[in-house]
Each structure stands twice: as structure tokens, then as C-alpha cells.
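See structure below.
The values are calculated or read from the model by the stated rules, or taken from the named source; none is laboratory data. All of these numbers come straight from a predicted model, not from anything done at the bench. Positions of Cβ are backbone-derived with ideal geometry, glycine not excepted, and every protein chain shown enters the neighbour counts.
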Amino acid sequence: MDWDRVIARNRDILLRIVVALMALAGIGEGDNPGPGPRTLPRYRFNSIRRILCTAESAARRLVVIAARDLVTIGFPEGVFMTGFDPDPSRRPVGKGARQREGQGEEGQAVPALALTDPLKRFSFGPRRIRPKSFPRITIIGVTEPTPVPDGWYRLPDDELAAGTLCRRLVSLKRALDDLDGQARRLARWQARRDKLLSASLSDTGQRLAAYENGSRPAGGDVRPVINKPRSPLRVGRPPGHHARQRHEVDAVLADLNWLALDAIAPPDSS
């Protein structure tokens, strides 16, 4: 397999897609979203977000391929998930609440591209359904008709805060421009993860006991070592996967997911 050709071809495709998304969002080449508020119409915001999630997932797999010779990357095994524990006090340390797209604070620095897939989220609670109506009880001649609440109708031209979305675009563009640097980042992450997973059995037992008791060990981390994913890629379909490939980036993600798994697959000993 000519991996250099694979990386160059898919990187060029992703760069072209990201540049088009940045133009759609009104971000110039090398621009930073800046401290001021940035808004986009709802229809444009949703179109960019749909493609961006898939492009980020494809870029992560491109980084995995680029780092194949720097470190031994673990093959995804098992199912790692979050969302089972309803008690917020028992959630992993250092995992703050996620901000909704369109509601993030402005003026934040552009973060580095996340090199690991988000965990699959599961919940056994009732599904939240947005109500389709609201109380409009009116007594003729006594009360005034209840007005429609502001923001009740989600119109395509509604302006949404898109600071977080724009920062993700800039972060993805920077990562694609520096694939070698991202590969070294992934190698350092994998080395730290391997060192943590090689902890002694007694240390793992202490962490599990502390996690069950809700106390914090001397190291400051209550998460069980065995629950940490061993690979930057998650099992199953990649984030942003669409069965019906309506955009070019969907085909790129499908190809890169297969190629990344092939690049890190353990050698065949048969």
C-alpha cells in the first residue's frame, strides 16, 4: 500500500472541502473567529455542521494513518460508552458539560483538533420531545389571546451564534496543514495511554475501589484504568457516518475508516 499517496490524495480532498466550508461561513484564509459575535443563518449553520462532523472524523483517521510508523496504535476493541451513570458527582473527572452548538461563548481560543473519537452515548431515560403546542387558554372578553413565544418557530433564516462552529473549522484547517505535527501529537497520546494501561493490577484495584466509593485517590483521577479506550478510533461506524452518501466527504470517510483500520491492524500470524 502506497500510504504517502493515500495521505496526499485524501488530504487534498479534505482541504478543498474545508476551504469551501470556511468560505460558506465567511471565514477568510488564516482568519480567527475573533472575540466578536459571529452568527449564521440556521440553514447555513446546519449545512456546515453536517459536513464538518464527517470531515473531522475523516481527518482523525488520516492522522492515524500518518502516525502508523511513529507508534503502535491500538486496534479498537470492545465498546466504550458514556451516559449510564445518572449521578453527576460520579462522572469522570475533568469532563465538563458540553456546550450546544450555536450557544457557545465567544472570544475563546481555537482548540486543537480532537484526535480521539467521542465515546458512544447511551441513555435509558425518557427521550426528550419538543412540545408541538403551548397553553393558549383565552376567555373571550376577559383575557387577551396568548402570544406565540419568541423563538417558537425555527425558521431557516434565524440567526444562530456560530463561534464554536467557526473555531472547529479553523482547527480542522490547521490540523490538515500540519499532519506531521498531528501525527506526533497522536504518538504522544498513545505513549501516555500505553503507560497508564500498563499499571500494576494492585493500582487498578485501588482505582476501581476509589471509583466505587466516590473518593479521589492520591493521583487525583478516579476513573478506572480498564475503562480507558486503548485506541483513538471507536468500534463500529465512525462519527459522522451516513449510510446514504450524499456528499463527497461521506465517501472519503468510508475509505479512510477502512484504510486506518488496515494500517493499524495487528499482523496476521496465521
Members of segment 26-78 found to be at pLDDT 90 or above and under 30 Å from PRO267 (Cβ atoms), listed by number | GLU56, SER57, ALA58, ALA59, ARG60, ARG61, LEU62, VAL63, VAL64, ILE65, ALA66
For segment 169-270, which fully contained helices (runs of 4 or more DSSP H) count at least 1 residues that are at pLDDT 75 or above and under 20 Å from the mean Cα position of the chain (by Cα)?
-> 179-197, 248-264
Filtered residue count, segment 116-132, keeping only those that are loosely packed, with under 10 Cβ neighbours inside 10 Å and of a type in the set (Asp, Glu) = 0
Could you tell me whether ASP157 is touching a residue at least 40 places away in the same chain (Cβ under 8 Å) and either part of a loop (DSSP other than H, G, I, E, B) or touching a His at 6+ places or on another chain (Cβ under 6 Å) (or both)?
-> yes
Segment 126-143 residues that are free of Cβ contacts under 8 Å to residues at least 12 places away in the same chain and of a type in the set (Val, Ile, Thr), paired with ones that are surrounded by 10 or more Cβ atoms within 10 Å (Cβ to Cβ) and assigned to a loop (DSSP other than H, G, I, E, B) (beta carbon under 9 Å, 6 or more apart) | ILE137/THR146; THR138/THR146
